[in-house]
1. With the requirement that a residue be charged (D, E, K, R) and surrounded by fewer than 14 Cβ atoms within 10 Å (Cβ to Cβ), what does region 30-49 give you?
2. Restricting to region 50-66, and then to whatever is farther than 17 Å from residue 1 by Cα and surrounded by fewer than 16 Cβ atoms within 10 Å (Cβ to Cβ), can you tell me which residue is nearest to the chain's Cα centre (by Cα)?
3. Across region 1-27, which residue is surrounded by the fewest Cβ atoms within 10 Å (Cβ to Cβ) among those that are β-branched (Val, Ile, Thr) and under 10 Å from residue 61 (Cα atoms)?
Amino acid sequence: MNKYYRMVLELYKESLTSVNRVNPDESLRVLTELEKAITTAKITNQPLDELYQLKADVELIRALNE
């Protein structure tokens, strides 16, 4: 889980240091990784709440950068 937190934090840092701009390819990569993790968690019957929260954070970052 720490890996996913780290990826989202990196996007936030990039957004803050780049005048609210994030590399769209990188944010899509992180979003894809989170979606894969959500699918895996569903299959293995693991908790999903934190992954959904992180996904929502990335979607917000992407929306703010459009």
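Coordinate-derived values only; no laboratory data. Note that the structure is predicted; figures quoted are calculated from it, not measured. Neighbour counts are summed over all protein chains in view; Cβ atoms, including those assigned to glycine, are modelled from backbone coordinates with ideal geometry.
1. Step one: of region 30-49, the residues charged (D, E, K, R) are 33, 35-36, 42, 49.
Within region 30-49, 35, 36, 42, 49 meet the criteria.
2. Just the residues of region 50-66 that are farther than 17 Å from residue 1 by Cα, to begin with: 59-66.
Checking the rest, the ones that are also surrounded by fewer than 16 Cβ atoms within 10 Å (Cβ to Cβ) come to 59-60, 63-64, 66.
Working: 59: 7, 60: 9, 63: 12, 64: 14, 66: 16 Å.
So the residue we want is 59.
3. Step one: list which residues in region 1-27 are β-branched (Val, Ile, Thr), which gives 8, 17, 19, 22.
After this cut, where a residue has to be under 10 Å from residue 61 (Cα atoms) as well, the list is 8, 22.
On the way: 8: 19, 22: 21.
Only one residue fits best here, namely 8.
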